Amino acid sequence: MSDQSKPIVFVHLPKTGGQSLHRIIHRQYKDRELFVMNGEADAERFAALPFDERRAFGFVAGHFVFRDFYPEGGVEPVYITMVREPVPRVLSLYRYIRREPLHPMHARVNDDDLSLERLIDAGYQPLDNEQVRILAGHETWRKPFGTLGEEDLAAAMNNVERTGMLVGLQERFDDSLDAYSKALRWKRVENIRVNVAPAEESQNPPGPTLGRLAELNRFDAAFCAWASERFQPA
């Protein structure tokens, strides 16, 4: 386990293999050492805890926009995340929305039979460079659909560099897991794949829709290329 003075903060980007990583994390840490978030409300709740309570958690993980949870200083958290090529990630997200009744968009997408093309037309924000939006921070996160610029990509890269964030690659999940294990002194762990889409969902939308997705998510694509160049296998 990592030094308790350096809590691990896992920024879980949707549809990047994070659920599998969560299972592995739960085998490395005791429940009392974990603080798991599922959105900004949980992140706000954690940030509002007294400093000593925040630093007592060995592992902080979940869906939240990147932020500094220890602004008082005295703690040097180790940030980790996992990224994924944007077009496959968005396709996986759309299929997940279709099949998961608990997703907040499930009813609307299925009741109105919204195609991915129509969801893009509706300006559904998670289809638009969601990885850069999350890693760049709240200023970028709040920007309207389709309005991100080079400065947002730079902000995400800067957050990675200044925190020394360990960025894994979903396409190289096992290598990424080995890198995490080495850096965080985890016990050797086996890959546990969960929340994987059924094989019958492999059909892709029409080519023009894929082209729109690629153009829309060009900043996520640039970030993934940058992360891949920096990736250091264990």
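Helix 86-99 versus the longest principal axis of the chain: what is the Cα-based angle in degrees, 0 to 90, to the nearest 10?
Taking Cα atoms only, the helix is inclined about 80 degrees.
Helix 150-163 against the longest principal axis of the chain: what's the angle in degrees, Cα atoms only, rounded to the nearest 10?
20 degrees
Report relative contact order for segment 67-191 in percent, whole number only (criteria: Cα-Cα under 8 Å, sequence separation at least 6).
30 percent
Between A225 and E139, take the C-beta separation as r, use R0 = 30 Å, and let me know the FRET efficiency to the nearest 0.05.
With R0 = 30 Å, the Cβ-Cβ based efficiency is 0.80.
Can you compute 3J(HN,Hα) from phi for each residue in segment 51-56, using the Karplus curve 6.51 cos²θ - 1.76 cosθ + 1.60 with θ = phi - 60°, rounded to whole Hz and x for Gly and Pro?
3, 5, 6, 4, 6, 6
What value, in deg cm²/dmol to 500, does the helix sum -39500 (n - 2.57) over DSSP H runs of n ≥ 4 give at 222 nm once divided by the residues of the chain?
My calculation for the chain gives -13500 deg cm²/dmol from helical runs alone.
Enter the accessible area per residue of the chain (Å², integer; probe 1.4 Å; all protein chains in place).
49 Å²
Give the cross-link partners of K6 among the lysines, using a straight C-alpha distance below 19 Å as the criterion and excluding same-chain residues fewer than 8 apart.
Cα-Cα hits under 19 Å: K30, K182, K187.
Could you tell me the calculated FRET efficiency between S115 and T147, based on Cβ-Cβ distance and R0 = 22 angstrom, to the nearest 0.05? The partial results should precede the final answer.
Working: r = 23 Å, r/R0 = 1.06.
E(calc), rounded to 0.05, equals 0.40.
Alpha carbon centre of segment 151-179 versus segment 82-99: separation in Å?
18 Å
Please report the spacing between the Cα centers of segment 209-234 and segment 31-80 in Å, no decimals.
Here the two parts' Cα centres lie 27 Å apart.
Which of the three applies to segment 2-60, rounded, prolate or oblate, going by the alpha-carbon gyration tensor with a ≥ b ≥ c and a/c under 1.5 meaning rounded? If you can, show how the numbers build up before the last one.
Numbers: a/c = 2.20, a/b = 1.21, b/c = 1.81.
Note, shape of segment 2-60 comes out oblate.
Would you indicate which of [x] 143; [y] 128; [z] 157 is the value of volume of the Cα convex hull per residue in Å³ derived from the coordinates of this structure?
[y]
The values are calculated or read from the model by the stated rules, or taken from the named source; none is laboratory data. Here the structure is a predicted model, which means the values were calculated and not measured. Cβ: placed from backbone, ideal geometry, glycine included. Neighbour counts: every protein chain shown. Protein only, heavy atoms only, side chains kept; ligands, DNA and RNA dropped before computing areas. Shrake-Rupley method; radii C 1.70, N 1.55, O 1.52, S 1.80 Å.
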